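A.B. asks: Below: one structure in C-alpha cells.
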Amino acid sequence: MQVHSFLHESTETYTHVLVDMAQQLCAVVDPVLDFDPKAGRTNTAHIDEVIAFIREHSWQLDYIIETHAHADHLSSAIHLKEALGGQLVMGHHITEVQKIFKQIYNLDTSFRTDASQFDILTDEGDTLTLGGITITAMHVPGHTPADMAYLATDNEKTVVFVGDTLFAPDVGTARCDFPGGDAKTLYQSIKKLLALDDDTIMYLCHDYPSKGRQHCPTTTVAAQKQSNIHVKEGINEAEFIEMRERRDATLQMPQLIIPAVQVNIDAGHFPKPESNGTRYLKVPINVFGE
C-alpha cells in the first residue's frame, strides 16, 4: 500500500491517492476543483496534476471517494471520472444532506435526493476491494450527517482517511454548526476513530497549521489521543460539546460554502446551461451565518 497526498493550497485541502502497487490499482480521496469566487471561474490545474501522476505510473483508477459533501471546496470528481474512469463513492446518508440543501437552495424537481448521482453508496461496515487492500467504511457523522471515514488495510499496514472529523492535534476538530451538524454526535464519531490501534496513520482532509509548522497530511491515533487540543484524553463529552458549540458561534462561514455545497450534493455536477449557454449557481440571501 502507498498513499500520495496533494495539497490544494488555496483551500488547504488534501487529495489522497491510495495505491495497491502489486495490481497497479488506485483510488482518489476528496478531489478538488479550482474555483475563483471573485470571477466565478473554474479550472482543473490541481486535479490535472493528480491525473498526470496516475497516468505517469500507469495505474488504473477504480474509485473516486468523497468523505462528505464539502463546504470549503468544490469537487472535481466529474473531471477526474471523465479523464480516468472509476466509480464515485459517497456515504448513503448524503440523501439527508441533499434533502436539507434542496430546500435551502429551493432546487427544482429535477434535483434528485436519492443519491443516484453517485455510483456506490456506503454505510457503516461496508467494504470496497482495491487489489489486496480492503477499504472499510466508517460512518462518522457530526460535522454533517453524511460524513464517512475509510479504513484501508492490507497485509502490511492500516491507514484511515478521516475526512473532516479530525484535524491535526494542534488544530483540533471539525465545526458542527452547518445544517444537520451536531457536536455530541461528532464526539461519539471521534471516539470511534480513536478506538483504532494507536499506530494507525490518519490521513487528513485539511491541515491549517499553527505558526511555524509546515502543512502535513498525516497524524496518528496516538498523537490525537495525547495532544488534540479539542478532544485529547481527559476531555469528556460535556466539555467537548461546550467548547465546540462556543467556538462554532464565533466562526465565519467558509468562503466557498454557497457554491461548494450546491455543486457537491450533486456529485460535482454544475447546473445545466440556461438558454444563453451559461451555467448559474444560486445565492440564498440571509440564510447562512448571522
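A.B. asks: Looking at the stretch 2-264, what % of its DSSP beta bridges pair antiparallel, to the nearest 5?
C.D. replies: In the stretch 2-264, DSSP labels about 70 percent of beta bridges as antiparallel.
A.B. asks: Return the single residue from LYS225, LYS192, LYS272 with maximal mean-square fluctuation; model: Gaussian network over the chain, springs between Cα atoms under 10 Å.
C.D. replies: LYS272
A.B. asks: Let me ask something else about it. Amide H to amide H, which residues 5 or more places from LEU88 or on other chains are under 5 Å from it, using H placed in the peptide plane?
C.D. replies: It is ILE64, ASP119, ILE120, by chain and number.
A.B. asks: Among VAL261, VAL28, VAL171, whose mean-square fluctuation peaks in a Gaussian network model of the chain (Cα, cutoff 10 Å)?
C.D. replies: VAL171
A.B. asks: For the stretch 126-149 and the stretch 36-110, what is the separation of their C-alpha centers, rounded to whole Å?
C.D. replies: Result: 17 Å between the Cα centres.
A.B. asks: Same structure, new question: Sort the following peptides by mean Cβ neighbour count (other Cβ atoms within 10 Å, averaged over residues), highest first: 181-190, 41-50. Display every interim value, and only then the final one.
C.D. replies: On the way: 181-190: 20.8, 41-50: 16.1.
Ranked from most to least packed, the peptides come out as 181-190, 41-50.
A.B. asks: Could I ask something else about it? Taking 0.36 nm per residue of sequence separation and subtracting the Cα-Cα distance, how much length would be gained by fully extending the chain between GLU242 and LYS99, in nm to one decimal?
C.D. replies: 48.7 nm
A.B. asks: List, in order, the whole-Hz ³J(HN,Hα) value for each residue of the stretch 196-212 obtained from phi through the Karplus relation with A = 6.51, B = -1.76, C = 1.60 and θ = phi - 60°; use x for Gly and Pro.
C.D. replies: Listing the rounded values in order: 5, 4, 4, 8, 5, 7, 9, 9, 8, 7, 9, 9, 10, x, 5, 4, x Hz.
A.B. asks: Here is a follow-up. Quick one: length gained pulling GLN252 to LYS211 fully straight, 0.36 nm per residue minus the C-alpha distance?
C.D. replies: Full extension of this stretch gives 12.7 nm more.
A.B. asks: When GLU66, GLU82, GLU237 are ordered from fewest to most other Cβ atoms inside 10 Å of their Cβ, what list results? Each step should come with its number before you reach the end.
C.D. replies: Values: GLU66 24, GLU82 9, GLU237 13.
The fewest-first ordering by Cβ neighbours comes to GLU82, GLU237, GLU66.
A.B. asks: Over the Cα atoms of the stretch 1-74, Rg to Rh with Kirkwood Rh, two decimal places?
C.D. replies: Details: Rg = 13.0 Å, Rh = 13.0 Å.
When Rh is taken as the Kirkwood radius, the ratio is 1.00.
A.B. asks: Now for a separate question. Could you tell me the largest-minus-smallest coordinate of the C-alpha atoms of the stretch 132-290 on each of the three principal axes, in descending order and whole angstroms?
C.D. replies: Here the Cα extents, ordered largest to smallest, are 56, 43, 32 Å.
A.B. asks: Turning to a different aspect of this structure: Going by a ≥ b ≥ c, the root eigenvalues of the Cα gyration tensor, does the stretch 179-255 fall in the rounded group (a/c under 1.5), the prolate group (a/b larger than b/c) or the oblate group?
C.D. replies: oblate
A.B. asks: When the chain is treated as a GNM, springs tying every alpha-carbon pair under 10 Å, which of LEU196, LEU18, LEU166 comes out with the largest mean-square fluctuation?
C.D. replies: Taking springs between Cα atoms under 10 Å, the residue moving most is LEU196.
A.B. asks: Per q in 0.08, 0.11, 0.14 1/Å, what log10 I(q)/I(0) does a Debye calculation on the alpha-carbon atoms of the chain return?
C.D. replies: Log10 I(q)/I(0), no solvent term: -0.32, -0.62, -1.03.
A.B. asks: Additional query: Among the complete DSSP H segments of the chain, which ones combine at least 15 Å of alpha-carbon extent along their axis with a mean Kyte-Doolittle hydropathy of 1.0 or more?
C.D. replies: Answer set is empty.
A.B. asks: Same structure, new question: Which value in deg cm²/dmol, rounded to the nearest 500, describes the helix-derived mean residue ellipticity at 222 nm for the chain, given -39,500 (n - 2.57) per DSSP H run of n ≥ 4 and division by the residue count? Write out the running numbers ahead of the final one.
C.D. replies: Working: 7 runs with 71 residues, N = 290.
Only helices count here, giving -7000 deg cm²/dmol.
Taken together, the values in this text are just the output of simple stated rules run on the coordinates, not laboratory data. The structure presented is a predicted model; accordingly, all values stated were derived computationally and were not measured. In this analysis, Cβ positions are derived from the backbone assuming ideal geometry, glycine residues included, and neighbour counts consider all displayed protein chains.
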